[in-house]
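Derivation of every value follows stated rules applied to the coordinates shown; laboratory data play no part. Remember, it's a predicted structure, so these values are computed and weren't measured experimentally. Cβ sites come from the backbone with ideal geometry, for glycine too, and all protein chains shown count toward neighbours.
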Amino acid sequence: VPIDRKAPRSDYAKLDIAIQAAKVKVKAFVQSDKKAQALKEQGDKGNAGNENKQLTFELSKEDIAKNILALVKQRAGDLAKAASILKCLPQEFEKDEDENYHVDTLFAMTNCRAINYKLEPMDWITVKLKAGRIIPALATTTSAIAALQTIELVKLIAGVSIEDHKNSFLNLSIPILTQSEPSTAPIHKLTSKLTASLWDRWEIDLGLYDDITNLATLFNHLKAFTTLDPLDCMRGNTGIYVSALMNLPNKKNEQLLLLKQPLKETLGIRNQSFVDLTITFTSQEAKLKDPKDFTIKGVPLIRLIFPNAK
């Protein structure tokens, strides 16, 4: 049905479309079990193969770009003069007034993004409904939180006491902003002379400690520093050394090879300048206190810095 492009949503255009649509003769629907079964099989087949299938569109990106340029040329005549002819003026967004083409613009931009990022395209009415649910306060809340974070960062750089820092609780829909003094991070007592908090990290510069060449020498270094016995070594979720497994009688040779193997080879290091390890510790006192759970709690993350970091 042809549409009046000058005023597609005018009462005259709608009436004209309705009159033309009324002239269309639709065939009477006749239910067919064969057709229904064929559609069901086609749908099942499509669902099975759509997990990794990318969306396809009638036009390629190049064709869409050419069409956009053609429309600009149609309005401006010459692309060189487009900047002086086509002026962009701010407008108050109004989704309920279809004649202003605001929803049409969102519809076009949304589906351009869908094409670019292979997302599911949206129809016009869905765009209109979603545009009406956007809460303007979202950007305001984000900017307020960013500002509060920046204030605390400035305090941190200035080295103020913890009493001068603030926890902020913000709700702009009420609106309300309340602040409280933060508490210090919990301190874990590892030994009688060694403590650590959640924010601590132990760093070992291997350029300064050239005697640390494998897990055995790393464990010896940590034992001398902490007076604790290293147990397990993890890199992320990957187990590098598991003492319960390595201490089995049939694992002695494998344990020796793993402890003496070059550190970079053991940790799978290629071009990284550092690696973070989670190493658990125990002590004779902890084993006597709880024979089943004798791991020391609160040991910080350990970062190994390789010489090529400099």
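Counting only Cα atoms, segment 184-250 measures 46, 29, 25 Å along its principal axes, largest extent leading. Shape call for segment 199-294 from the C-alpha gyration tensor, a ≥ b ≥ c root eigenvalues: rounded (a/c under 1.5), prolate (a/b greater than b/c) or oblate? In terms of gyration-tensor shape, oblate.
Computed over the alpha-carbon atoms, segment 108-230 gives an Rg to Rh ratio of 1.23, Rh here being the Kirkwood radius from the mean inverse distance. Sorting 230-236, 265-271 by average packing, meaning the other beta carbons within 10 Å per residue, from highest down gives 230-236, 265-271.
For residue 274, the shell of other residues with beta-carbons less than 10 Å away shows a net charge of -2, using +1 for Lys and Arg and -1 for Asp and Glu. Annotation: peptides 172-184, 272-284, 247-259, ranked by per-residue average of other Cβ atoms within 10 Å with the highest first, follow the order 272-284, 247-259, 172-184.
Would you mind pulling out the separation of the Cα centroids of segment 251-281 and segment 86-110, in Å? Rounded to whole Å, the Cα centres lie 60 Å apart. Listed by chain and number, the aspartates and glutamates whose C-alpha is less than 20 Å from the C-alpha of residue 264, apart from same-chain residues fewer than 8 away, are 203, 205, 210, 211, 232, 254, 276.
Peptide packing: for 188-201, 148-161, the average count of neighbouring Cβ atoms within 10 Å per residue gives the ranking 188-201, 148-161, highest mean first. Between residue 19 and residue 193, the simple spin-label model (points 7 angstrom out along Cα→Cβ) gives 10.0 nm. Reported value for segment 231-270: 64 Å³ per residue, from the convex hull of its C-alpha atoms.
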